[in-house]
Structures are given as structure tokens and as C-alpha cells.
Amino acid sequence: MKDLPKHKGLRNQLVQVLKNKGIKDEKVLAAIAKIPRHLFMDSSFIDFAYKDKAFPIGAEQTISQPYTVAFQTELLQLKPKAKILEIGTGSGYQTAVLLALDTIVYSIERQKELFEKTKKFLPKLGYVAKKLIFGDGYVGFKDAAPYDGIIVTAGAPLVPKPLLAQLKIGGRLVIPVGEKEQVMTLFIRKSQREFEKQEFDKFAFVPFLKDVSK
Ligand code: SAH
């Protein structure tokens, strides 16, 4: 499958939609303008790739809506070479957006099928994560901690303590919190013990699941 000028044109339209919805970070918009989202989706949905919508990617999961990806990425306020932990690799689209911002990315996925597929696919597009991990995001990834940013791309019924613990001082955790719908929540680590919490709009995510043995 190819990335054609018509796809580039559709991406530019998508970027305009995201700007109209309030996304301002030029680097985030440039990443979305660059990454061929249609290649991350099942071929039957290709015509929808540049609509601002979430879509199925198999294993009952979805590729996040572009607005959601942009909103979460903007909240991370990434600097080049920042070390990021992503929970919920899924299709790898959000991973690619993070990598396009010149960051160092660790990403965890609990669905074996998706993990294997994305591990093969991402490098083919030239997006190389520092490490893709098969496992449970609730425990984070201690080996590479602390992180400048942690992003959870599934709806979390609670905020896992290990994720807060694995943030650098000044680091940011972006996590959608809630059961049926989620409030986008940002935690900024102020000191060893203190976290500033900010709440944003409501979003709808697939669940952040606990049992890896499913
Ligand atoms: N960032 C992805 C979004 C995928 S949807 C994308 O843009 O495509 C959320 C993902 O979180 C799913 O792939 C799901 O399997 C994964 N997930 C859910 N619970 C998890 C857990 N406990 N640990 C790691 N990944 C989890």
C-alpha cells in the first residue's frame, strides 16, 4: 500500500479540522500532516482514515481519533529527546506521532496479536521505538524510568500509582480517567511527593484492562 498525493491532501484537510477544534501545537500538527494514518488501519476502512474519527484495528481495539491523539500529545509538551512511556501501543499511530516529535519512546501493549503486528509494521514506516513491550501497562516500565512524559491511550478506571511514581520531577502523565466516559487528566510531578492535577474535556476510550492473561 502506498502514500499518495491524495492522502497528503486529505491529511492537510484533517490538520485544518484539528486546528478548528483548538489544536495549536505546530509540531503536533506537522506530525499529523506527515504520518500516513491510512496505513495503520484495516484496508476496509481506508476511505475513513482522514476523518476525525476512531476506527477498529482488530482485537476489539480502536485507533484513537486524531483529535484525541493531538490533544493528548499537546498536553505532554514534548521537547526533543524527551523520554516517553506510552500505555496501549495499539496500531502504533500515537507511537508514530510521538516519534515524529523526535522523542525516545517506550510503549506497552497487552494484546499479543496487536503487539506482534505493530512491532513488525512500525519500523517498515521508519518509526523505531526504543522498546515495544508486551505486558500490563498498570505497572508501567520500571527499567527505563523515570520518564519526562507518560501517556495512557485507554480509559482508566483509576490512576495507577506506579505510573505516577515513574515520572521525573517536572514530568507529565496524561491519562483519561473514568469508566463509561473519561475525563482527560494531566498530572505534573512537582516534587517527590507532590503532583499538580488538571482536568480537561471528556473523551471515550476503549478500557484500560487489568488482566494480561485474557
Ligand atoms: N494508541 C493506540 C490506541 C489503541 S486503543 C492507537 O493509536 O492505535 C488502546 C490500547 O490499549 C489497545 O490496544 C488495548 O489493547 C491497550 N490496553 C488496554 N489495557 C492495557 C494494559 N493494561 N496494558 C497495556 N495496554 C493496554
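The values are calculated or read from the model by the stated rules, or taken from the named source; none is laboratory data. Because the structure is predicted, anything quoted here is derived from the model rather than measured. Ideal geometry is used to build each Cβ from the backbone, glycine not excepted, and the neighbour counts take in all protein chains shown. The area values use the complete protein model at the heavy-atom level, side chains included, leaving out ligands, DNA and RNA. Shrake-Rupley method; radii C 1.70, N 1.55, O 1.52, S 1.80 Å.
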Spot the failing condition for THR103; the list is (1) under 17 Å from LEU39 (Cβ atoms); (2) more than 9 Å from the ligand (Cβ to nearest atom), and only one is missed.
-> (1)
Tell me, yes or no, whether the stretch 2-14 has at least one residue that is in a helix (DSSP H, G or I), out of contact with any Gly (no Cβ under 6 Å at 6 or more places or on another chain) and under 22 Å from GLY88 (Cβ atoms).
-> yes
Residue by residue through the stretch 159-172, note down the ones that are within 16 Å of LEU76 (Cβ to Cβ) and either open to solvent by less than 10 Å² (accessible area, probe 1.4 Å) or not hydrophobic (A, V, I, L, M, F, W, C) (or both).
-> LEU163, GLN166, LEU167, LYS168, GLY170, GLY171, ARG172
Answer from ALA145, ALA204 - the residue that is over 25 Å from ALA30 (Cβ atoms), among the aliphatic types (A, V, I, L, M) and modelled with pLDDT of 95 or more = ALA145
The stretch 56-88: number of residues that are open to solvent by less than 30 Å² (accessible area, probe 1.4 Å), modelled with pLDDT of 95 or more and more than 13 Å from the chain's Cα centre (by Cα) | 1
Tell me which residues, restricted to the stretch 179-214, are open to solvent by less than 40 Å² (accessible area, probe 1.4 Å), out of contact with any Phe, Trp or Tyr (no Cβ under 9 Å at 6 or more places or on another chain) and more than 12 Å from the ligand (Cβ to nearest atom).
-> SER191
Counted residues in the stretch 113-158 being over 21 Å from MET1 (Cβ atoms), more than 10 Å from the ligand (Cβ to nearest atom), open to solvent by 70 Å² or more (accessible area, probe 1.4 Å) and out of contact with any Pro (no Cβ under 9 Å at 6 or more places or on another chain) come to 4
Taking only the stretch 37-54 into account, find how many residues are open to solvent by less than 10 Å² (accessible area, probe 1.4 Å), in a helix (DSSP H, G or I) and among the aliphatic types (A, V, I, L, M).
-> 0
Looking at LEU75, is it in contact (Cβ under 8 Å) with a residue 12 or more places away in the chain, within 25 Å of LYS24 (Cβ to Cβ) and away from the ligand (no atom under 14 Å from the Cβ)?
-> yes
